[in-house]
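Take this structure, written in structure tokens, and hold onto it; I'll ask about it next.
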Amino acid sequence: MKQSREEETNLTLIKIAHTLIWVFFNFVIFYMLYAVIKNKLDVWLWLGYGVICLEVVVLAIFNKMCPLTIMARKYSSSQKYNFDIYLPEWLAKYNKQIYSIIVLITLVLTVYQLYIK
């Protein structure tokens, strides 16, 4: 089925927004990892945890799916993992697993810095 110009534009806008949000979360997550490695347990680290918790709540509400993915599905029947975001398909496929591991490592390091060190 061929997409209309409007559907194509809407999908492109969703992909751009989704990619920008993904980049934002990369900054948040990698700052958090940096902060705990450097024992810099500042307000930005705790705000990062807040942002991550908010993301977990959103994913829980939407059955482990980003709301933008649900929106993009209206404009595409593609079965590719990256149909809704400008990422390589392998990264889009394993995105949640990769970043969950990084956040878990960050959490363990935070506990270490707070209570063990």
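Yes or no: Trp46 under 16 Å from the mean Cα position of the chain (by Cα) and at pLDDT 95 or above?
no
Oh, and also: List pairs: first in segment 69-90 and in contact (Cβ under 8 Å) with a residue 40 or more places away in the chain and part of a helix (DSSP H, G or I), second surrounded by 14 or more Cβ atoms within 10 Å (Cβ to Cβ) and acidic (Asp, Glu), Cβ under 9 Å, 6+ apart or cross-chain?
Thr69/Asp84; Met71/Asp84; Ala72/Asp84
For residues in segment 3-39 being modelled with pLDDT of 95 or more and of a type in the set (Lys, Arg), which is nearest to Pro88 (Cα to Cα)?
So the residue we want is Lys15.
Please pick out the residue among Val111, Val103 that is under 22 Å from Gly50 (Cβ atoms), crowded, with 16+ Cβ neighbours inside 10 Å and either out of contact with any Gly (no Cβ under 8 Å at 6 or more places or on another chain) or among the small types (Gly, Ala, Ser) (or both).
Within the list Val111, Val103, the selection yields Val103.
For Ile85, work out the one condition from (1) loosely packed, with under 14 Cβ neighbours inside 10 Å; (2) closer than 30 Å to Lys2 by Cβ; (3) at pLDDT 95 or above it doesn't fulfil.
For Ile85, the failing item is (1).
Could I ask something else about it? Considering each residue of segment 1-33, count those that are part of a helix (DSSP H, G or I), touching a residue at least 60 places away in the same chain (Cβ under 8 Å) and in contact with a Leu (Cβ under 8 Å, 6 or more places away or on another chain), and give that number.
So the answer is 6.
Every residue in segment 34-52 that is assigned to a helix (DSSP H, G or I) and basic (Lys, Arg), please.
none
Which of the numbered conditions does Met65 fail, given that it passes all the others? Conditions: (1) over 12 Å from the mean Cα position of the chain (by Cα); (2) assigned to a loop (DSSP other than H, G, I, E, B); (3) hydrophobic (A, V, I, L, M, F, W, C).
In the conditions (1) over 12 Å from the mean Cα position of the chain (by Cα); (2) assigned to a loop (DSSP other than H, G, I, E, B); (3) hydrophobic (A, V, I, L, M, F, W, C), Met65 misses (1) alone.
Picking from Lys38, Lys74, which residue would you name as being over 30 Å from Glu8 (Cβ atoms) and among the basic types (Lys, Arg)?
Lys38
Kindly list the number of the only condition in (1) touching a residue at least 60 places away in the same chain (Cβ under 8 Å); (2) in a helix (DSSP H, G or I); (3) in contact with a Cys (Cβ under 9 Å, 6 or more places away or on another chain); (4) of a type outside the set (D, E, K, R) that fails for Ile105.
So Ile105 meets the others, but not (3).
Give just the number: which of (1) among the charged types (D, E, K, R); (2) in a helix (DSSP H, G or I); (3) at positive phi does Glu55 not satisfy?
(3)
The values are calculated or read from the model by the stated rules, or taken from the named source; none is laboratory data. None of these values were measured; they are calculated from a predicted model. No Cβ is skipped: glycine too gets one built from the backbone with ideal geometry, and neighbour counts run over all protein chains shown.
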